[in-house]
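The structure appears below as C-alpha cells.
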Amino acid sequence: MVLYIFKRFINYFFLSMIATCLAYVVSSLALDPAAKYYGRNPQPTQQTIDNILNGLGVNPDVPVLQRLWEWLVNIVAHGSLGNGVNGVSIVDQIISRAGVSLRLLLIGSLIGAIVGVTLGVWGAVRQYKLSDQVVTYGSYLIFATPTFVIGVLLMIGATVLNGAAGMQLITFTGEYSAGLTGSWWDLALDRGIHLLLPTIALALIGAAGYSRYQRSVMLDVLSADFIRTARAKGRSRNSALVRHGVRVALIPMSTFFAYSFGTLVSGSIMLEIVFSFHGMGEFALNAISQSDINAVAGTTLFVAILILFSSTLSEVLYAALDPRVRN
Amino acid sequence: MSLLEETNAELGAPDVLVTPQPLGVGVPSGPPARPRSRGRLIWRRLTQTSRFWVGAIVIGLILAWALLGPLFYPFDAFGRDPLNMGLGPTQLHWFGTNSIGQDLYAQTLVGLQKSLVIGLIAGPLGTLIAAVVGSVAGYMGGVVDRVLVWCINLLLVLPSFILLVILSPLFKGLSWVFLTIFIAGFSWMIMAQVVRSQTKSLRDRDFVKAARYMGVPMPKILGRHIIPNVASLLIIDATLGVVAAILAETSLSYFGFGIRAPDVSLGTLLAEGTSAAVTRPWLFVFPAGALIVTLFAVSLIGDALRDAVDPTSGVNRD
C-alpha cells in the first residue's frame with residue numbers, strides 16, 4: 001500500500017511541477033513587467049529598467065526557458081521564489097498570507113465534505129421524498145449561483161440580521177477587526193466571527209457538489225446484492241446501510257474529493273477577495289494587475305502543492321477504504 | 001480505479017446501446033420490425049419529466065426576454081437620465097438606475113444577451129473539443145492516447161479559473177470572442193476522458209471492426225460510428241457546459257479579468273453593483289436574479305436529460 005501511494009505521489013508530483021513550469025512560461029509571455037516603468041514620469045533610463053528587471057529575473061529580453069531554469073535553480077539552491085515588484089521576497093509574502101487562505105479553505109472544505117456526504121446518504125435512503133427533493137433543488141440552486149454572488153448575498157443577509165438585532169452580531173469585512181486589543185481568546189473569537197460567512201459560503205459550494213455525487217453513488221450501492229445479503233443474514237437496516245453501504249459508497253467519493261478540490265481552491269480565492277481577506281486571492285489579483293511574474297509563479301506553485309497534497313490524501317483514503325488496492 | 005470510471009459514474013454513463021446494423025443477408029423481406037430508435041426513446045422519457053418542461057419554458061422565456069425585451073422598453077443601456085439618478089425600481093425605470101442615471105433594466109438585458117451568447121458558444125465548443133480529443137485518443141490508443149491523456153491530466157492539475165486569470169492579459173485588449181474561445185479551451189478535459197473510455201470499448205465492437213477492415217478512413221469511423229454512440233453524453237455535457245461557461249464568464253468579469261468596458265455582461269454589472277449591494281440592493285439583486293434563474297433553468301434541462309439517458313441509475317431499489 002505504501003508503495004502504491006508513493007507511486008501515485010510521484011506521479012502527481014511530476015504533474016504539478018510541470019504544470020507550475022508551464023504556468024511560469026505562460027505568465028512570462030502574457031505579462032509585461034516593463035510596461036509600468038515606461039509609463040512613469042520622468043521615465044527611468046533604459047539602463048535602470050533593465051537593472052530592475054534583471055534583478056527580479058523577469059527581463060523579457062532573456063529567453064523565457066533560461067529564466068525558467070534560473071527560477072528553478074533558485075528554488076532548489078536557495079529555497080527562494082525571487083522577489084516581487086515591491087522588492088519583498090515572494091516566499092515571505094506567501095508565508096504571511098498562506099495561513100489566512102488555508103484556514104478558510106481547510107475548514108470550509110472539511111465542513112462541506114461532511115455535510116455533503118451526510119446529505120447525500122440521507123437523500124439516497126429517502127429517495128424522492130420531500131427532504132430529498134429539497135436537498136436536490138437546493139444544490140441545483142447553489143450550482144446555478146456564482147461563488148461571489150453567494151458571498152455577497154450572505155453579506156446582505158448578515159447586514160439585515162445585524163440591523164434586526166440592533167447590534168454588530170456578524171462582522172464580515174477583512175479577516176479581523178483592525179485595532180482590536182484584548183486577550184488571546186478575544187482575538188481568536190474575532191477572527192472566528194470574521195471567518196464565519198466565507199466558511200459558510202465555501203461549505204455550501206462543497207456540500208452541493210458532494211451531496212449530488214454521494215447520492216448517486218449511494219443509490220447504485222443500495223441496489224447492489226451485498227446489501228440484500230447483509231440484510232438477509234440478519235443485519236439491521238441501519239447497520240447494513242452504514243457498514244456495507246456508506247463505506248463502499250465512499251470509495252469513489254475519495255477520488256471525487258481530489259477532483260473537486262480545484263473548484264474549492266478557486267472558490268475560496270474568490271471568496272477571499274469578496275470578503276477582503278489579505279490572503280492568496282488578493283495576492284494573485286495584485287500580482288496580475290502589477291504584472292508581477294514571480295508572484296504569479298509563486299501563487300501557482302502554492303496552488304499546485306495544495307492540489308498535490310489533496311490528491312495524495314485522497315489516494316490514502318482510497319487505499320484505506322478499498323482493500324483491493326492494498327495488495 | 002482510474003479517474004475515468006469515476007467520471008463515468010458521475011455522469012451516469014449508460015452502457016452504449018448499439019443499433020444493430022442490417023446485414024442484408026438472411027434478413028427476411030417485407031417491412032422490418034424496426035426497433036424503437038434510442039433518440040426517440042430518450043425524447044419520450046425527457047418529455048415525461050416536469051423538470052424538463054419547467055427548465056425549457058423558463059429558458060425559452062429568458063431567451064425571448066433578452067432578445068425582444070429592449071424593443072419594448074424606452075431606455076437604452078448606456079444613456080443617462082439625469083433626473084433619476086440612483087433611484088430604486090419605479091414605473092419609469094423598472095429595475096431602478098445606477099448612480100450616474102443609467103437604466104438597470106436595459107443594462108441587465110444587454111448583459112444577459114452577452115452572457116448567454118458566450119455560454120451558448122463556449123459550452124458546445126468545449127464539448128466539441130472533448131469529443132474530438134476523447135475519440136481520437138480512445139480510438140488510436142498507443143502513444144497518441146498516452147500523450148493526450150497526459151495533456152488532459154496536466155490541464156486538470158491547476159484549476160481552470162486560475163489558468164484563465166493568468167492568461168487574461170492575453171485577451172485583455174481583444175474582443176469577447178477570444179474570451180469565449182479561452183473558456184471553451186479550458187472546459188473539455190473531464191468530458192474528453194469520458195468519451196475516451198467509451199471509445200475504447202466501442203472500437204472493438206463488430207460494426208467498428210467491420211468498418212475498419214473495409215478500409216473506412218478514421219475520421220469517417222469516428223464521425224459515423226463512434227460519436228453517434230456517445231451523442232447522448234455529449235448533449236448532456238453541452239447543456240451543462242453552458243452553465244459552466246456562463247459561470248466562468250461572470251466570475252472572470254466580476255474580478256476584472258473577463259469582459260471589460262465598454263462591453264457589458266452580467267459579471268461586470270454585478271461587479272458594479274456589489275459595492276452598493278447593501279445600500280441599494282436593486283443594483284445587485286436584479287442582475288444576480290436574472291443570472292441565477294437562467295443557470296437554474298439550464299441545469300434543470302441538463303439533469304432531466306441525464307435521467308432520460310440513464311434511467312436505471314439508482315431507481316431499481318425495492
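Take residue A:67 and decide whether it is assigned to a helix (DSSP H, G or I) and open to solvent by less than 30 Å² (accessible area, probe 1.4 Å). Before the answer, list the steps.
Numbers: assigned to a helix (DSSP H, G or I): yes; open to solvent by less than 30 Å² (accessible area, probe 1.4 Å): yes.
Considered against the rule, which asks whether it is assigned to a helix (DSSP H, G or I) and open to solvent by less than 30 Å² (accessible area, probe 1.4 Å), residue A:67 comes out as yes.
Among the residues of segment B:121-136, is any in a helix (DSSP H, G or I) and in contact with a Lys or Arg (Cβ under 6 Å, 6 or more places away or on another chain)?
Within segment B:121-136, one or more residues are in a helix (DSSP H, G or I) and in contact with a Lys or Arg (Cβ under 6 Å, 6 or more places away or on another chain).
Would you confirm, using the coordinates I've provided, whether residue A:19 is closer than 24 Å to residue B:162 by Cα, open to solvent by less than 20 Å² (accessible area, probe 1.4 Å) and modelled with pLDDT under 75?
Details: closer than 24 Å to residue B:162 by Cα: yes; open to solvent by less than 20 Å² (accessible area, probe 1.4 Å): yes; modelled with pLDDT under 75: no.
In short, no.
Taking the condition modelled with pLDDT of 90 or more and closer than 25 Å to residue A:12 by Cα, does residue B:148 pass?
Numbers: modelled with pLDDT of 90 or more: yes; closer than 25 Å to residue A:12 by Cα: yes.
It is true that residue B:148 is modelled with pLDDT of 90 or more and closer than 25 Å to residue A:12 by Cα.
Considering each residue of segment A:281-321, count those that are of a type in the set (Asp, Glu) and open to solvent by 30 Å² or more (accessible area, probe 1.4 Å), and give that number. Lay out the reasoning, then the answer.
Residues of segment A:281-321 that are of a type in the set (Asp, Glu), as a first pass: A:282, A:292, A:315.
Among the residues that remain, those that are also open to solvent by 30 Å² or more (accessible area, probe 1.4 Å) are: A:282.
Going through segment A:281-321 one residue at a time, the tally reaches 1.
Go through the residues of segment A:289-300 one by one and say whether even a single one is away from chain B (no Cβ under 11 Å), part of a helix (DSSP H, G or I) and farther than 21 Å from residue A:29 by Cβ.
Within segment A:289-300, not a single residue is away from chain B (no Cβ under 11 Å), part of a helix (DSSP H, G or I) and farther than 21 Å from residue A:29 by Cβ.
Restricting attention to segment B:283-294, which residues are in contact (Cβ under 8 Å) with a residue 24 or more places away in the chain and either within 9 Å of another protein chain (Cβ to nearest Cβ) or open to solvent by less than 40 Å² (accessible area, probe 1.4 Å) (or both)?
Residues of segment B:283-294 that are in contact (Cβ under 8 Å) with a residue 24 or more places away in the chain, as a first pass: B:283, B:286-287, B:290-291, B:293-294.
If the condition is that a residue be in contact (Cβ under 8 Å) with a residue 24 or more places away in the chain and either within 9 Å of another protein chain (Cβ to nearest Cβ) or open to solvent by less than 40 Å² (accessible area, probe 1.4 Å) (or both), then B:283, B:287, B:290, B:291, B:293, B:294 are the ones that fit.
Within the set of pairs 6+ apart or on separate chains, which have a first residue in segment A:315-327 that is touching a residue at least 60 places away in the same chain (Cβ under 8 Å) and closer than 15 Å to residue A:258 by Cβ, a second that is open to solvent by 70 Å² or more (accessible area, probe 1.4 Å) and in a helix (DSSP H, G or I), and C-beta atoms under 8 Å apart?
A:315/A:8; A:319/A:326; A:321/A:247
Check A:114, A:142 and return the single one that is under 29 Å from residue A:272 (Cβ atoms) and either facing chain B (nearest Cβ under 10 Å) or surrounded by 15 or more Cβ atoms within 10 Å (Cβ to Cβ) (or both). Before you say what the answer is, go through the steps one by one.
Details: A:114 fails: either facing chain B (nearest Cβ under 10 Å) or surrounded by 15 or more Cβ atoms within 10 Å (Cβ to Cβ) (or both).
When all the criteria are applied, what remains is A:142.
From A:242, A:248, which residue is out of contact with any Gly (no Cβ under 9 Å at 6 or more places or on another chain), among the hydrophobic types (A, V, I, L, M, F, W, C), open to solvent by 10 Å² or more (accessible area, probe 1.4 Å) and without any contact (Cβ under 8 Å) to a residue 12 or more places away in the chain?
Answer to the check: A:242.
Of all residues being open to solvent by less than 30 Å² (accessible area, probe 1.4 Å) and in contact (Cβ under 8 Å) with a residue 12 or more places away in the chain in segment A:28-44, which is farthest from the other protein chains (Cβ to nearest Cβ)? Just the residue, please.
A:37
One residue is enough: does segment B:244-258 have a residue meeting the conditions on the phi > 0 side of the Ramachandran plot and open to solvent by 30 Å² or more (accessible area, probe 1.4 Å)? Steps first, answer last, please.
Let us first name the residues in segment B:244-258 that are on the phi > 0 side of the Ramachandran plot, namely B:256.
Filter again for open to solvent by 30 Å² or more (accessible area, probe 1.4 Å), leaving B:256.
Within segment B:244-258, one or more residues are on the phi > 0 side of the Ramachandran plot and open to solvent by 30 Å² or more (accessible area, probe 1.4 Å).
Anything in segment A:3-59 that is of a type in the set (A, V, I, L, M), part of a helix (DSSP H, G or I) and farther than 15 Å from residue A:301 by Cβ? List them, or say none. Give the derivation first.
The first filter runs over segment A:3-59 and keeps only residues of a type in the set (A, V, I, L, M), leaving A:3, A:5, A:10, A:15, A:17-19, A:22-23, A:25-26, A:29-31, A:34-35, A:49, A:52-53, A:56, A:58.
From what is left, the residues that are part of a helix (DSSP H, G or I) are A:3, A:5, A:10, A:15, A:17-19, A:22-23, A:25-26, A:29-30, A:35, A:49, A:52-53, A:56.
The answer is A:3, A:5, A:10, A:29, A:30, A:35, A:49, A:52, A:53, A:56.
Somewhere in segment B:105-112, is a residue open to solvent by less than 10 Å² (accessible area, probe 1.4 Å), in contact with a strand residue (DSSP E or B) (Cβ under 9 Å, 6 or more places away or on another chain) and modelled with pLDDT under 90?
No: zero hits.
Which of the residues belonging to segment A:117-139 are more than 14 Å from chain B (Cβ to nearest Cβ) and not small (Gly, Ala, Ser)?
If the condition is that a residue be more than 14 Å from chain B (Cβ to nearest Cβ) and not small (Gly, Ala, Ser), then A:117, A:118, A:119, A:122, A:130, A:134 are the ones that fit.
Considering only helices (runs of 4 or more DSSP H) fully contained in segment B:144-223, which possess at least 3 residues that are within 12 Å of another protein chain (Cβ to nearest Cβ)? Working first, answer last.
Working: elements: B:160-167, B:176-185, B:189-202, B:206-213, B:218-221.
Per the criteria, B:160-167, B:189-202.
Give the residues of segment A:251-260 that are touching a residue at least 12 places away in the same chain (Cβ under 8 Å) and either more than 20 Å from residue A:117 (Cα to Cα) or within 9 Å of chain B (Cβ to nearest Cβ) (or both), sorted by residue number.
Step one: filter segment A:251-260 for residues touching a residue at least 12 places away in the same chain (Cβ under 8 Å), giving A:251-258, A:260.
Matches in segment A:251-260: A:251, A:252, A:255, A:256, A:258.
Look through segment A:47-61, keep the residues that are on the phi < 0 side of the Ramachandran plot and within 31 Å of the chain's Cα centre (by Cα), and return whichever of them is least open to solvent (accessible area, probe 1.4 Å).
Going residue by residue through segment A:47-61, those that are on the phi < 0 side of the Ramachandran plot are A:47-56, A:58-61.
From the residues that got through so far, the ones that are within 31 Å of the chain's Cα centre (by Cα) too are A:56, A:58.
Values: A:56: 32, A:58: 6 Å².
Checking each candidate, the answer is A:58.
I want to confirm something. Restricting to segment B:254-281 and keeping residues that are within 10 Å of chain A (Cβ to nearest Cβ) and part of a helix (DSSP H, G or I), which single residue is nearest to residue A:152 (Cα to Cα)?
Among those residues, the one meeting the criterion is B:274.
Regarding residue A:263, is this residue open to solvent by 60 Å² or more (accessible area, probe 1.4 Å), at the interface with chain B (Cβ under 9 Å from one of its Cβ atoms) and not hydrophobic (A, V, I, L, M, F, W, C)?
Answer is yes for this residue.
Report, by residue number, each residue of segment A:100-155 that is among the small types (Gly, Ala, Ser), under 30 Å from residue A:243 (Cβ atoms) and without any contact (Cβ under 8 Å) to a residue 24 or more places away in the chain.
A:131 - this is the single residue of segment A:100-155 that is among the small types (Gly, Ala, Ser), under 30 Å from residue A:243 (Cβ atoms) and without any contact (Cβ under 8 Å) to a residue 24 or more places away in the chain.
Would you check which residues across segment A:209-225 are more than 11 Å from every other protein chain (Cβ to nearest Cβ) and surrounded by fewer than 22 Cβ atoms within 10 Å (Cβ to Cβ) and list them?
A:225
Which residues, taken from segment B:115-154, are under 24 Å from residue B:295 (Cβ atoms) and open to solvent by 40 Å² or more (accessible area, probe 1.4 Å)? Write out each step before concluding.
Filtering segment B:115-154 for residues under 24 Å from residue B:295 (Cβ atoms) gives B:115-131.
Of everything in segment B:115-154, those that are under 24 Å from residue B:295 (Cβ atoms) and open to solvent by 40 Å² or more (accessible area, probe 1.4 Å) turn out to be B:117, B:120, B:121, B:124, B:125, B:128, B:129.
I'd like the full set of residues that are hydroxyl-bearing (Ser, Thr, Tyr) and either in a loop (DSSP other than H, G, I, E, B) or loosely packed, with under 11 Cβ neighbours inside 10 Å (or both), limited to segment B:67-102.
Here is the first cut: in segment B:67-102, the ones hydroxyl-bearing (Ser, Thr, Tyr) are B:73, B:90, B:97, B:99.
Passing the criteria: B:73, B:90, B:99.
Taking residue B:236 as the residue in question, decide whether it is more than 12 Å from every other protein chain (Cβ to nearest Cβ) and part of a helix (DSSP H, G or I).
Numbers: more than 12 Å from every other protein chain (Cβ to nearest Cβ): yes; part of a helix (DSSP H, G or I): yes.
Yes; evaluated as a whole, the condition is true for this residue.
So for segment B:46-66 (the condition being open to solvent by less than 30 Å² (accessible area, probe 1.4 Å), over 30 Å from residue A:128 (Cα atoms) and part of a helix (DSSP H, G or I)), does at least one residue qualify?
The answer is yes, given that some residue of segment B:46-66 is open to solvent by less than 30 Å² (accessible area, probe 1.4 Å), over 30 Å from residue A:128 (Cα atoms) and part of a helix (DSSP H, G or I).
Conditions first: (1) of a type in the set (A, V, I, L, M, F, W, C); (2) buried (at least 24 other Cβ atoms within 10 Å of the Cβ); (3) assigned to a helix (DSSP H, G or I). Residue A:277 passes all but one, so which condition is the exception?
Answer for residue A:277: the failing condition is (3).
The values are calculated or read from the model by the stated rules, or taken from the named source; none is laboratory data. These numbers come from a predicted model, not from an experiment. Cβ: placed from backbone, ideal geometry, glycine included. Neighbour counts: every protein chain shown. Protein only, heavy atoms only, side chains kept; ligands, DNA and RNA dropped before computing areas. Shrake-Rupley method; radii C 1.70, N 1.55, O 1.52, S 1.80 Å.
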